[in-house]
Structure formats: structure tokens, C-alpha cells
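Here is the structure we will look at.
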Amino acid sequence: MPEIQKAYTSTTNPIYSPSHGGDGASTSEIQEERQPQNLERSHALTGLQRRTVPAIAATFVRSPDSQTHLLSTRTSPSSPMSHHVMAARLHHLVKASMGGVEDLSPDVEARLVENVAVLLEKGFDTPEKVQKLLKQAWRHDAGIAVVGLGLTGNAGYAIGMELANEKLVAMLPPHILRSAPAVGMMVGLGVGGLDVAISVMGSATMKPLLYNGVEGNAHLPASIKVPTGNDAIMDSMKLATAANFLKNAPRMAAPAIQAAFEHRFDGVTNSSISRLTADRVDVALDAGLGFAAAAAVQYKKLMGVTGYDARMLLRDDLGAVIDKMNRSYTESAIDAAKGAGAALMSPAVPLAVTATIGFFISELFAANTMIDTAGHMPLGSHGHLPPDRADWSVMTGKRASSVALMALMTATIEIGAPIVGAAAQAATEGIVAGAGKAKEKIGGMATSAASFINQSAGKLPDIGGWVAHKLGLQAQDGEEEWHDVEMGEVVAPSLRHNVRFEDAQS
């Protein structure tokens, strides 16, 4: 009886014990910890277990003999018991990653069961190994997205504005310098071209290196609602515009703070500030906060609505993602090169973004020139200031103009870029399809012409035979066919000359 009770206990405790699998203990070790001390206590524990085991456990409880192999200290990740325990652990992990939802949809449950089998097949047969896999993927993707894409997303703009601020604009031709909008357009196109070149190429190079980026939303079960189409565009626009506004807002307070510092340490009493210092502080804030904003946007996108861990565990291509995590550096470099090549072959969006940046910075230069001119008119209260100094309130107005126009520019780009990309793709597909149809039509016409010539070859008059016959160069009693040019039909000589000379004389 104690032996039977021992075997039965081994079939129940490892499944529903809170400590099973948590510390990696084997089945035999867990059994030794829970071995009854005497027969009476054994009967008491057995009754308690039968009262507390859920109804769902009935499908997994087997006879003692069928569970004998579970007493082995060797792991058996392919067994139904191990699959069930892993699915239960990952079930709670997915629910927590999805914001603590009450229940999972049936298709989500089914996908989780499928991916548990994939994890076991790939060697991830304990919750600890799965957690290690998720941490490895997250650290890699966070480094690529937040650091890599965050830097490249703002580096071009920061470099371009810094170069423009350091008197590079003075190198433009005089007739351009006399027009603020023209100067703004030249600076905007330069900054936009540099910004787009670095950000687009950086994104195209680094996105193929991600294990579980935003593109993973397309591999989730259908019941998980993720923004698509217009909703995705609007969400991206709201996120980017809010980040742009928040990173630019501190720039409006910079002139007042600079004025307070110059008044305190330099004794300035006319509310003026150094233009060069103000511009350098503004560029530094714009660049530094720009990096932070770009990194925050990438982090938000990486987390997603579903949650990183849930999106990873519910992908329909989980096996391929795990294989991607184990690939060589050479294969990763090849993928990055392919992404860069694809970006170079699709210039419509980069060109459109560059033109948009040029337009808005042109407007910014024009607005700032108007604000600066009106604020420092010769007859105004600030007209007495030298050219290298400006009133801090006027500079605050210029910064506010920049904040508003840059936020509007960001919203325009976020909405317009997908539209331009879709239009360019449709145009490219139309051109390719039109070229294919034209090729088929030309090929069909050539085939028809060749067929017509081939079929008509036997109906053309035999000029050579007709000439030979008229000149008497062809045997009269020959049976060869020749074409009667005059009649336009084939006539056999034997039919045309079937009367013998003797018969004619008689």
C-alpha cells in the first residue's frame, strides 16, 4: 500500500505543486521532498489532494504504472506532462505581457500551444530557458532600436543645423542671402538631405537586424488587434508629433534663462542676450533632446500595444526567429546590405521627405526674419541693440515659431510619407505590369507575323518557275508543280499539257 501511495503521489504533486519546475528540480527530487512519513498521513494527504485538484486534472491523471517513467531523473521535454507545465507557465507570462487580461482568445491559446512545441523542439524545455531567450532578444532589440535607430533618426538633422549655425550660410551667393525664404530653402534642402540620408539608410540597415520589431505584429493571431492602415498612420503621427513638440518645448524657455544668467554674472541690464550663445544653446538643446525623443519613440514602438514578450511568444514564425538569433555575423551583414540596397531602389519617400523639410525650414527662416526685424526695428524699444545681441523676448518668439512649424512638419511627414510610398509602389507596379503587357503584345504580334508568313509561303507565286517555263528552260513533260503567275494558283504541267501531238494531228 505505501508503494502504491508513493507512485500515485508522484503523478499529482509535480504538476500542481507551486515549486515544480521553478528551481529546476527533477521529478524524483520533488517526490522525495513530499514523501509521506506514515500511512495515516498518507491517507490524509490523498484525500486533501483529491478535494483540491481541479477538474481539468482528470485528463492528465493516469494509472501508477503509466507514470513510472516520471520517476527518472532524466528530463523528458517531449512528454505531454512537460508540454502541459510549460504551456501553463507561458500562459501566465503572456497574460501579464498583454496588460493582465482576464482570458486569452481561443486562437491565442492555440498559437501558444503550438509555440510551446516549437520551444521544446529548439531545446527551451524549462521556463528559465524561455526567460533567458526573451531577455536575450529584448536586450538585442532594445540596443538596435533605442540606441541605433535613435541616433540615426536625429543625427542628420543635428549635424545639418549645427553646420548652418556655424556661419556656413554665409558661404551662399549674395543674391540668395538677400532673401530669407531662399536662404531657408537652401538650408532646409541641405539639412533635409543629410537627415534623410542618415535616417533612411540607418533604418534600412538596422531594421533587418531586429529579432522582434514592429513588423512582428503581422505574425500575431487574428484576435489581437494592432493598428493597421489609417489607424497605424494616425498613431505614428500622434506619437512622433507629441515627441517632437515635447523635445522642442524647453527651447522656448532657454532665452529667458540665458538672460537671467547674463544679468546675474555679466551685469547686463537691457534684457539682451548674445545671439551666438543663444543659437548654440538652441542647437545643443535641439540635438540632445532630439536624440532622447527619437530613442523614446523607438522604445514605445518596440514595446507595442501587445507587449514584447507576448508578441515574441505568439508569432507564427517563432522557429525562424530563434534560428535568426543563432545566425552568424556574416548572415546579419548580408541582411543589412540587402536592406540598404532596397532603400536605394525606392527613392520616392526620401525625396519627398527632403522636399518637405526644405519647405518648412524655408518658412521657418522667413518667419524668424520677420519676427526679428519687427522686434528690433530702428525706432522700436530694442532698436538700439548691437547686431550681435538680441532681446530675449524676441528670441523667445522665434523659438515658439520653430516649435510650431517643426511639429507641423513632423505631422506632415508622418502622414505624407506612407501615402507617397504607396503611390510610388502602385506606380512602379503599374509600370512593370504595363511593360509586361507590352512585351506580351509585341511577342504575340511577332509570333502572329511569323505564323502568317509561314502559312502564306506556299501560296506565293513561283516567279522562278514561271520565268523558266516561258523561256523554255523547263521540261514540258515534267511532273513538277509550278505556279501560274497569271492565274495565281498551282497548276500541274500534266494537266495543262495533257494533249499529245499525235492526237492533235489526227
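The values are calculated or read from the model by the stated rules, or taken from the named source; none is laboratory data. Since the structure is predicted, the reported quantities are computational estimates derived from the model, not experimental observations. Note that we place each Cβ from the backbone using ideal geometry, even for glycine, and neighbour counts take in every protein chain shown. For the accessible areas, the whole protein counts, side chains as well, though only heavy atoms, and no ligand, DNA or RNA atoms are used. Shrake-Rupley method; radii C 1.70, N 1.55, O 1.52, S 1.80 Å.
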| field | Cα-based equivalent ellipsoid, the range 244-294: semi-axes from gyration tensor eigenvalues, Å | value | 25, 10, 7
| Which of the residue pairs K247/K398; K207/K338; K207/K324; K129/K338; K238/K398; K207/K300 have a Cα-Cα distance greater than 22 Å in the structure shown? | K129/K338; K238/K398
| query | Amide H neighbours of R389 under 5 Å, counting only residues 5+ apart in sequence or on other chains, H built in-plane at 1.01 Å? | reply | R275
| query | HN-Hα J couplings of the range 113-123 from phi, Karplus 6.51/-1.76/1.60, θ = phi - 60°, integer Hz, Gly and Pro as x? | reply | 4, 4, 6, 4, 4, 5, 5, 5, 5, 7, x
| message | From the protein chains alone at 1.4 Å, what is the descending order of accessible area for F360, F365, largest first? | response | F365, F360
| Average projection area in nm² (convex hull over Cα atoms of the range 224-354, one quarter of hull surface) | 13.1 nm²
| message | At 1.4 Å probe size, what's the solvent-accessible area of V116? Round to the nearest 10 Å². | response | 0 Å²
| task | Can you send over the solvent-accessible area of T369, 1.4 Å probe, protein chains only, in Å² to the nearest 10? | result | 60 Å²
| remark: Neighbours of A333 by Cβ distance under 15 Å: Lys/Arg at +1, Asp/Glu at -1, summed charge +2
| request: Take the range 286-354, drop everything but the C-alpha atoms, weight them equally and run the Debye formula without solvent; then report log10 I(q)/I(0) at 0.15, 0.24, 0.25 Å⁻¹ to two decimals. | output: -0.90, -1.03, -1.02
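State the percent of C-alpha pairs, over all pairs in the range 111-257, separated by a distance greater than 19 angstrom.
Distances greater than 19 Å cover 72 percent of the Cα pairs.
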| Which value, in Å² rounded to 10, gives the accessible area of H376 with a 1.4 Å probe and all protein chains present? | 40 Å²
| Sorting L172, L314, L163 by accessible area (1.4 Å probe), largest first, what list results? | L163, L172, L314
| task | May I ask you to derive the relative contact order of the range 252-397, considering only C-alpha pairs under 8 Å and at least 6 residues apart, and to give it as an integer percent? | result | 47 percent
| Taking θ as phi - 60°, what are the ³J(HN,Hα) couplings along the range 284-293 by the Karplus curve (6.51, -1.76, 1.60), each to the nearest whole Hz, with x for Gly and Pro? | 5, 5, 4, 6, x, 5, x, 4, 5, 5
| How big is Rg to Rh over the range 149-221, alpha-carbon atoms, Rh as the Kirkwood inverse-mean-distance radius? | 1.23
